[in-house]
Amino acid sequence: MTVQFEHDRIAQLLLEHDIGTDVDLARARLEGGQVQLSIDAAAAATQWGQAAALAIAATASRMFRGGVFIGGLDPVPVIVGSHVGAPLMRALEAAGCRSRNIPAKPYRLHIGSHPQSAADLYLTVSGWRAHVAPYPAQSEGKGNVIAGAAAGALAVSEAFRRHILGDLLAGRQPLTLSLWDPAAPEIDPGDITRLPASLWLLGLGNLGQATMFLLELLPFADRRLTHLLVQDRDRVGEENRLTQILTEPAWIGHRKARMLGAYADRLGFETRICERSFGASSRPEDGEPRVALAGVDNLDARRLAADGRFDLVIDAGLGSSAEEIFDLRLHAFPGRMTPQTAWPDVTGPTEAALNPGLEKLVVEGRLPQCGALAIAGQSLGVPSTAVVAAALQVGQLCRALASGTYCDFVDLTLRNPKAVVATSAMLPDNVSLPSVMPRP
């Protein structure tokens, strides 16, 4: 997957992260990044284990350009997502894994508590909790696809920090994240009991596509009973290929709403699209979803969506600089904050400074000054953080459908989930969210 540097957000991330590198060294480091995935037979037969494997394949194939490899997988049918009944190996290969020419020293991720060989990180779940540790778990509990996908993405983040960014602290401590209540991981509410019957997806970029990935994994009994409205005004760009996990080369140049709408149609959802910006006149009409998952970086759109026109809005925001790429923040409305207090006006310099790597490209004549300034002002990100954020959004939605409660604020860094700050809220008595039952 060759992308020009101007569109290569992950190579740009390395330039900003390590001031001693240049574009050639950054791309060489990315090309040398390799991950090997293994999954034991018990985990491979579970929904959570397959969700974790698919999340690793979808994210690591974009973050580790040396390849994502898998070997020794026993024949097992897919039981999650849109390829039910197909061999799991085939689904993983379609998602970006390779099963041949496994390298000698990849970064090794193992799913399950019964590894046949040593790994660098081990993934398990228990209920709604995702676990990642540098040693095998003594046992694993029954889990769901939301926790499984989060565990897979969390492991890829740790692998990227260690193997690509050279962070020696990554992968050394056990990490646990509850997708039900991050501040109270001891709570175990049991299985997923309700799924959305009507949902508005606002923003179809890095986070919005991760959300669609999670919706595809959820155990809907009949997706035709769930109505989606997907909204985004932008077109798919070349720069989206390495950070937005559903984007395909054939999508480039087309409207995101049309591509994601067609994708949702193929999954079986009842889908409508909107290609306008979310503005002052935007609001649900009769028969349209009154629950929204928002993933946009436009301040006005976020405030407008959260101002009371929906019964529930769960908004997630991702860090946009090299220091923040593993950070995320969630706000839900109604909640303790108002849209204005959640997202106050920002003042400060509008022109980003060039890092040494970009300055070198300008001096060498490989990049014009205006192009370098445009790159310096772009948001950075990695798909693994987006998948964890989407899992948290979808987890809070399922929690609200089941219990009427949800986190109205979460401040989380994937580097240390124990340091999470989260508060919970309750739906008003006069609000009832439409839902459907999952399949048994």
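No value in this document is a laboratory result; all are computed from the given coordinates. Nothing here was measured: the structure is a model prediction, and the numbers come from that model. As a convention, Cβ positions derive from the backbone with ideal geometry for all residues, glycine included, and neighbour counts pool all protein chains shown.
Of note:
- Dipole axis of the chain (+1 Lys, Arg; -1 Asp, Glu on Cβ), positive-most option in ALA159, LEU293, VAL436: VAL436
- At R0 = 41 Å, FRET efficiency that the Cβ-Cβ distance of ASP222 and ASP24 yields, to 0.05: 0.20
- Test item: Cα-centred dipole of segment 195-436, Lys/Arg +1 and Asp/Glu -1 on Cβ, debye: 320 debye
- Every helix of 4 or more DSSP H residues in the chain counts as -39500 (n - 2.57), and over all residues that averages to -9500 deg cm²/dmol at 222 nm.
- Label point distance in nm, ILE187-GLU288, each placed 7 Å from Cα along Cα→Cβ: 3.2 nm
- In plain terms, the residue of PHE220, PHE160 with the fewest other Cβ atoms within 10 Å comes first and the most crowded comes last, giving PHE220, PHE160.
- Between ALA419, GLY308, VAL230, the Cα set farthest toward the positive side of the dipole of segment 195-436 (charges on each charged residue's Cβ, about the Cα centre) is that of VAL230.
- Segment 14-70 - percent relative contact order, Cα under 8 Å, separation 6 or more: 44 percent
- Separation in nanometres of the label points that stand 7 Å from Cα toward Cβ, at GLU31 and ARG90: 3.4 nm
- Between segment 216-268 and segment 30-74, the alpha-carbon center distance in angstrom: 22 Å
- As a rough guide to protection, the peptides 287-300, 196-209 ranked by mean Cβ packing within 10 Å, highest first, stand as 196-209, 287-300.
- Lys, Arg +1 and Asp, Glu -1 on Cβ, resulting dipole of segment 1-141 about Cα centre, debye, nearest 20: 280 debye
- Net charge dipole size for the chain [Lys, Arg +1 and Asp, Glu -1 on Cβ; Debye, nearest 20]: 800 debye
- Across segment 65-145, Cα pairs under 8 Å and at least six residues apart give a relative contact order of 19 percent.
- The spacing between segment 116-193 and segment 323-346, judged by their C-alpha centroids, is 25 Å.
- As a length-normalised measure over Cα pairs under 8 Å and 6 or more apart, the relative contact order of segment 32-178 settles at 27 percent.
- DSSP H segments from the chain that extend 27 Å or more along their own axis, Cα-based, with Kyte-Doolittle mean of -1.0 or above: 383-403
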